[in-house]
Structure formats: structure tokens, C-alpha cells
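The values are calculated or read from the model by the stated rules, or taken from the named source; none is laboratory data. All values reported here derive from a predicted model rather than from experimental measurement. Here Cβ is always computed from backbone atoms with ideal geometry, including for glycine, and neighbour counts include all displayed protein chains.
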Amino acid sequence: MALEAQAELVGTVEYDYLLAGRQFSKLSDTGSGNADISSKQDSGYGMKLSLMYATAQWSLGPYLHYWNIADSAIEIIYRNGFPERYGMEPQNQTVEFGLQLRRLF
């Protein structure tokens, strides 16, 4: 397939390093009587890849977003001033595929 006269293929690679974050686990939403947990996250990375067919007015192409986040810190859950439980958010990976359509104004 030939490109239009003013069109181009544009590839993008992005690396994201997680410096610090906080994970909010809404355990109270489960209805099991568990308390919510707020855990410190300080280790992980992400990557974003895309390949766009671009003209002066619009662009179209697939993308991939990936995150790999390590275990959060272990948090103590207190009740009446005493430690009751411990909680943490486990290591997780997220993959997102999609198709982008952009229009310049």
C-alpha cells in the first residue's frame, strides 16, 4: 500500500518509570466487612507503543499500553488503636490494546 503524498507512518515508543504512587483498595465494596486499604507503591514501569498512519489533518493506527507494578508496601489496619489486620496490593500487570483515530483542528 502506497502512502499519500503528504502522509507518513509515525512510530512511538515510550517508557514510564513509576517513582511513587498510592493504591486505594476499596475492600469495603465487597460487603464482607473488610476495611479499605491505602498502600504505598514505589516500584514498577510501563511502556507505550503505537504506529500511526498520519496526514496533515488526521491519523489512525494501533497502540499498546503495558504496566508492570510490583507488590505494594504492607499496610497495617488498625481498629480501636490496635493492629487488626495487614494488607497489600499484589504485583500486577495490565495490557491494553486499541485503535486510535485523531483529528487535528
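Some values worked out for this structure:
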| quantity | calculated |
| --- | --- |
| Inter-residue pairs, beta-carbon under 8 Å, first within 16 Å of Ile76 (Cα to Cα) and in the range 22-34, second in a helix (DSSP H, G or I) and among the hydrophobic types (A, V, I, L, M, F, W, C), 6+ apart | Asn34/Leu27 |
| Filtered residues of the range 59-69 (kept if loosely packed, with under 15 Cβ neighbours inside 10 Å and either free of Cβ contacts under 8 Å to residues at least 12 places away in the same chain or hydrophobic (A, V, I, L, M, F, W, C) (or both)) | Leu60, Leu64 |
| Residue within the range 52-71 that is in contact with a Pro (Cβ under 8 Å, 6 or more places away or on another chain) and farther than 30 Å from Leu104 by Cα present | yes |
| Matching residues, the range 61-79, being within 14 Å of Ala35 (Cα to Cα) and either of a type in the set (Val, Ile, Thr) or under 14 Å from the mean Cα position of the chain (by Cα) (or both) | Ile76, Ile77 |
| Some residue of the range 41-57 being small (Gly, Ala, Ser), part of a strand (DSSP E or B), under 15 Å from Asp16 (Cα atoms) and over 15 Å from the mean Cα position of the chain (by Cα) | yes |
| Total residues in the range 85-105, condition loosely packed, with under 11 Cβ neighbours inside 10 Å and assigned to a strand (DSSP E or B) | 10 |
| Test result for Glu14, in contact with a strand residue (DSSP E or B) (Cβ under 8 Å, 6 or more places away or on another chain), among the charged types (D, E, K, R), in a loop (DSSP other than H, G, I, E, B) and at negative phi | no |
| Hits in the range 58-84 (condition: assigned to a strand (DSSP E or B), at pLDDT below 90 and not basic (Lys, Arg)) | Glu75, Ile76, Ile77, Tyr78, Phe82, Pro83, Glu84 |
| Leading residue by the ranking (surrounded by the fewest Cβ atoms within 10 Å (Cβ to Cβ)) among those in the range 23-41 that are modelled with pLDDT of 85 or more and among the small types (Gly, Ala, Ser) | Ser38 |
| Unique match (being modelled with pLDDT of 85 or more and touching an Asp or Glu at 6+ places or on another chain (Cβ under 6 Å)) among Ala20, Ala7 | Ala20 |
| Residues within the range 85-105 that are of a type in the set (Asp, Glu) and modelled with pLDDT under 90, tallied | 1 |
